[in-house]
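The values are calculated or read from the model by the stated rules, or taken from the named source; none is laboratory data. Just so it is clear, the model here is predicted, and its values are computed rather than measured. Note: ideal-geometry Cβ built from the backbone for every residue, glycine included; neighbour counts use all protein chains shown.
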Amino acid sequence: MASRKPYHQLREEALARYPSGQTPGGISIDDIVQLKVQNTYNTHLDIARDMAVVMRADMAAYDADPTQFTQSLGCWSGFHAQQMIKSVKRLHGTAKGAYVYLSGWMVAGLRNRFGHLPDQSMHEKTAVADLIEEIYVSLRQADEVELNDLFKDLRAAREAGDDTAEQHAIAAIDGFESNVVPIIADIDAGFGNEHATYLLAKELIKAGACCLQIENQVSDAKQCGHQDGKVTVPREDFIEKLRACRLAFEELGVDDGVIVARTDSLGAGLTQKLPVSQQPGDLAAEYLKWVATEDITDTNPLRDGELALQRDGKIVKPVRLPNGLFRFKEGSGRARVIEDCVASLRDGGADLIWIETDTPNVVEIARMVDEVREQVPHAKLAYNNSPSFNWTLNLRKQVREEWLESGRITEADYPDGQTLMSADLDDTELGREADARLARFQHDISTKAGVFHNLITLPTFHLTAKSVDELSRGYFGEDKMLAYVGTVQREEIRRGISAVKHQHEVGSDLGDSFKEMVSGDRALKAGGHANTMNQFAAE
């Protein structure tokens, strides 16, 4: 969090302005100090600048010790992000290393005016900036609510004449850690050309984003990274969009802004256009060498309107589909990924790379990163621990294959295919080993494969679906109220989830405090004796 003046300094400054302890209008300087402290950030651009510094420090810490990786969950509302960060702080006492991932998939699917849409950049792009704004409003409100509670403790200590409790309360106020954390914001493929990318990037940054993630697909043919039909752009085109993002950061004074360059080439077999090579070995030539071609023969002549390439001393035709797209050579995806990553880091000035993979395999990702690091030694990744992977099936298959190769098991011990998903395998050697690998997956991929940031793109989408299903099955089934109490409220109370006091969570006590500041004894407060939230008072 941005450096904040300590409580005593703020109070002394207020007292210097108003020696009587009150403004001419009768406002207490203590109330002024409280509101100054609660306002942890003045603008969301301030947040972007500050969180960029946080990310840079985290990246340096990771370079020194790869066990110090960072994590995030994709959130599609401010409330999701707020509750995630509050949970992390309850668990660890700090939110350090926890970010928020803003998923373009979830904006398309859940947060746009056009309905539930696939991840194809069909949603209005303003919805992305709107969600960043909403997330930071929610995180800042969490600051206000928690700080207001600390100031209530301070007032209670003073009223009781307890100097020790007063000093503890002030120390808690000065030591308060903001709920505001970095957001990695998905800008898709830029929603247009390089100028459109720049304009949108500025809006995301002004909303608070310190980190932009952009992919090398064609904007008007963009697909989800885990679907078929992906079409990539030549590397020069992508580098221009990386530059557009950098210029947006620089213009707005976010000098430490972070850019994540994502490559979808592993699963993308098509390109929309053929770049023009100016000299052997340039970016265009390196891209063109992977385009599939066919020989020109008497039975397959070069016809009017067709294109030709010179390759290895002869003229050939690039394989072109009826829709005008060009096909890459089969099996070239991995090599193109390596070249994409190197170009994005070395020529595009990206800070992190993102390799969209088809399976979660630590060994294979590490091998690709090793090849990238041969040319860019300190390359770091953000990695999508995607819900599009069937994690149980993938990890069990990996264990099964290793054990078969080593002779530890036979084919008959664990039949292949979907039977590996059976719950009957949960408590077997193979099931336990796969789960153990799942538990350490992020540690392994960070220490062995250069992954600085581990994220899950769509967890709150799936969590909401599962949780609502769980509650609905019981509530509309046999359990009725027991379903709500047993699966929701009782768990909230026992885990110490502050949202169980829902009125307090959304600021009712905050409102009461402000009413007291301006109305004194005349304040009509919500938090009195009859407030049913008192049933959830801390033990």
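Consider Arg262 carefully, then state whether it is under 22 Å from Phe452 (Cβ atoms), touching a residue at least 40 places away in the same chain (Cβ under 8 Å), assigned by TED's automatic domain parsing to the domain that holds Met51 and not polar (S, T, N, Q).
Details: under 22 Å from Phe452 (Cβ atoms): yes; touching a residue at least 40 places away in the same chain (Cβ under 8 Å): yes; assigned by TED's automatic domain parsing to the domain that holds Met51: yes; not polar (S, T, N, Q): yes.
Here the answer is yes, as Arg262 does meet what is asked.
Take Thr410 and decide whether it is touching a strand residue (DSSP E or B) at 6+ places or on another chain (Cβ under 8 Å) and farther than 30 Å from Ala64 by Cβ.
Values: touching a strand residue (DSSP E or B) at 6+ places or on another chain (Cβ under 8 Å): no; farther than 30 Å from Ala64 by Cβ: yes.
Considered against the rule, which asks whether it is touching a strand residue (DSSP E or B) at 6+ places or on another chain (Cβ under 8 Å) and farther than 30 Å from Ala64 by Cβ, Thr410 comes out as no.
Condition first: buried (at least 18 other Cβ atoms within 10 Å of the Cβ), of a type in the set (Asp, Glu) and modelled with pLDDT of 95 or more. Now tell me which residues in segment 31-54 satisfy that.
Passing the criteria: only Asp50.
Restricting the search to segment 167-206, which residues are crowded, with 17+ Cβ neighbours inside 10 Å and of a type in the set (D, E, K, R)?
Residues satisfying the conditions are Asp186, Asp188, Glu194, Lys202, Glu203, Lys206.
Of all residues in segment 490-507, which are farther than 14 Å from Asp143 by Cα and of a type outside the set (A, V, I, L, M, F, W, C)?
Within segment 490-507, Arg490, Glu491, Glu492, Arg494, Arg495, Gly496, Lys501, His502, Gln503 meet the criteria.
Go through segment 382-427 and count every residue that is free of Cβ contacts under 8 Å to residues at least 24 places away in the same chain and either outside the structural domain of Met59 (by TED's automatic domain parsing) or buried (at least 17 other Cβ atoms within 10 Å of the Cβ) (or both).
Qualifying residue count, segment 382-427: 2.
Name the single residue that is surrounded by the most Cβ atoms within 10 Å (Cβ to Cβ) among those in segment 94-114 being modelled with pLDDT under 95 and assigned to a loop (DSSP other than H, G, I, E, B).
Only one residue tops the list, namely Ser103.
Across segment 130-179, what is the number of residues that are of a type in the set (Gly, Ala, Ser) and touching a strand residue (DSSP E or B) at 6+ places or on another chain (Cβ under 7 Å)?
Residues meeting the conditions: 0.
Quick check on segment 193-200. Is at least one of its residues in a loop (DSSP other than H, G, I, E, B), more than 24 Å from His504 (Cα to Cα) and modelled with pLDDT under 95? Steps first, answer last, please.
We begin by selecting, within segment 193-200, every residue in a loop (DSSP other than H, G, I, E, B); these are 193.
Remaining after also requiring more than 24 Å from His504 (Cα to Cα): 193.
Now drop any that are not modelled with pLDDT under 95, which leaves 193.
Checked segment 193-200: at least one residue is in a loop (DSSP other than H, G, I, E, B), more than 24 Å from His504 (Cα to Cα) and modelled with pLDDT under 95.
For segment 282-300, give me each residue that is in contact (Cβ under 8 Å) with a residue 24 or more places away in the chain and among the acidic types (Asp, Glu). Don't jump to the end; show me each part of the working.
Let us first name the residues in segment 282-300 that are in contact (Cβ under 8 Å) with a residue 24 or more places away in the chain, namely 283-284, 286-287, 290-294.
Passing the criteria: Glu286, Glu294.
Within segment 254-308, can you find the residues that are charged (D, E, K, R) and either over 30 Å from His44 (Cβ atoms) or at pLDDT below 95 (or both)?
Passing the criteria: Asp264, Lys273, Asp282, Glu286, Lys289, Glu294, Asp295, Asp298, Arg303, Asp304, Glu306.
Sort through Thr126, Thr164 and tell me the only one that's at pLDDT 95 or above, of a type outside the set (A, V, I, L, M), surrounded by fewer than 16 Cβ atoms within 10 Å (Cβ to Cβ) and more than 23 Å from Ala465 (Cβ to Cβ).
After applying the criteria, what remains is Thr164.
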